[in-house]
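Student: I have a structure here, written as structure tokens, and I will follow up with some questions on it.
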Amino acid sequence: MCVISLVEDGVFPSKKTLKQMESLNSDGGSIAWLNKNGTKSYRKGIKAKEVHNLINKKLIPQGVETAIIHFRIASIGGVKKKLCHPFEISSKVDMNLVVDNTTKDLLFHNGTWSEYADELVEYLKKQKAPVTIPRGEYSDSRIMAYLAHKIGHKGMAKLVKGWNKVAILTSNGIIKYGKNWCEVKNNECSNNYFCTYKDDNLGWV
């Protein structure tokens, strides 16, 4: 079980909250943000401390208001930095660790999509001509990004059933799929398992 935290109003999770997220999802952290010119940037395979430093030394001074934070548990795919999220929605789904000013949409996933290989094969069977698929190591989330490029966000989301949740950073903001997102302080999250208790005034903390 991973965790996604959405930032849509310039209010970022605290250092304590980031460390709580990482404590239960320790296979790699990441953050992607929307730049003022509509491009996206990201860093992945990093620790909560690095995420916090980026927020305070780079994003807040630049007036960034929209971002997605992710901490991973490697349910499908190895514990490797390049398999951390986000994944670029493209035909190659490159696994870069540092990217600035990309025009590609960025996909984050919380859950386990066991049918990813079957759905990829079904897509390939329907093609009338040979199709190139991404090279390198696979995870369910990387295949999601590939299929989102080929059949669109909504088409991909229809294939990913169950309790999976997906967030996509676009030039117009965040698009999310899946049910039961929850509020943790001032951020919407894919789950609140990392929280310690519920405060009547603050919500989950």
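Student: Between ASN101 and VAL79, what FRET efficiency follows from the Cβ-Cβ distance if R0 is 30 Å, with the result rounded to 0.05?
Tutor: Working: r = 29 Å, r/R0 = 0.96.
Efficiency, from the Cβ-Cβ distance: 0.55.
Student: Checking the table LYS82/LYS154; LYS36/LYS92; LYS47/LYS125; LYS16/LYS158 against a 31 Å threshold on Cα-Cα, which pairs fail? Please list the in-between numbers first.
Tutor: Values: LYS82/LYS154 25 Å; LYS36/LYS92 26 Å; LYS47/LYS125 40 Å; LYS16/LYS158 35 Å.
Result: LYS47/LYS125; LYS16/LYS158 exceed 31 Å.
Student: Taking Cα pairs under 8 Å and at least six residues apart, what relative contact order does the chain come out at, in percent? The partial results should precede the final answer.
Tutor: Numbers: 415 pairs, mean separation 52.9, N = 205.
Relative CO of the chain lands at 26 percent.
Student: Arranged by the count of other C-beta atoms within 10 angstrom, fewest first, what order do MET1, MET144, MET156 take?
Tutor: On the way: MET1 15, MET144 29, MET156 24.
Ranked by crowding around the Cβ, least crowded first: MET1, MET156, MET144.
Student: Give the label of the value calculated from the structure for Cα extents along the principal axes in Å, choosing from [x] 47, 42, 29; [y] 56, 34, 28; [z] 39, 37, 31.
Tutor: Label of the calculated value: [y].
Student: Which of the chymotrypsin sites (Phe, Trp or Tyr not before Pro) found in segment 127-174 are loop residues per DSSP with 16 or fewer other Cβ atoms within 10 Å of their Cβ? Walk me through the numbers before you get to the answer.
Tutor: Numbers: sites: TYR138, TYR146, TRP163; in loops: TYR138, TRP163.
Answer by residue number: TRP163.
Student: Same structure, new question: Using the per-residue mean of other Cβ atoms lying within 10 Å as a proxy for protection, in what order, highest first, do the peptides 79-85, 108-114, 120-126 fall?
Tutor: Values: 79-85: 19.7, 108-114: 22.6, 120-126: 12.3.
Top to bottom by mean Cβ count within 10 Å: 108-114, 79-85, 120-126.
We did not get these values from a lab; they are worked out from the coordinates using the rules stated. Treat the numbers as computed from the prediction; the structure is a model and nothing was measured. Cβ: placed from backbone, ideal geometry, glycine included. Neighbour counts: every protein chain shown.
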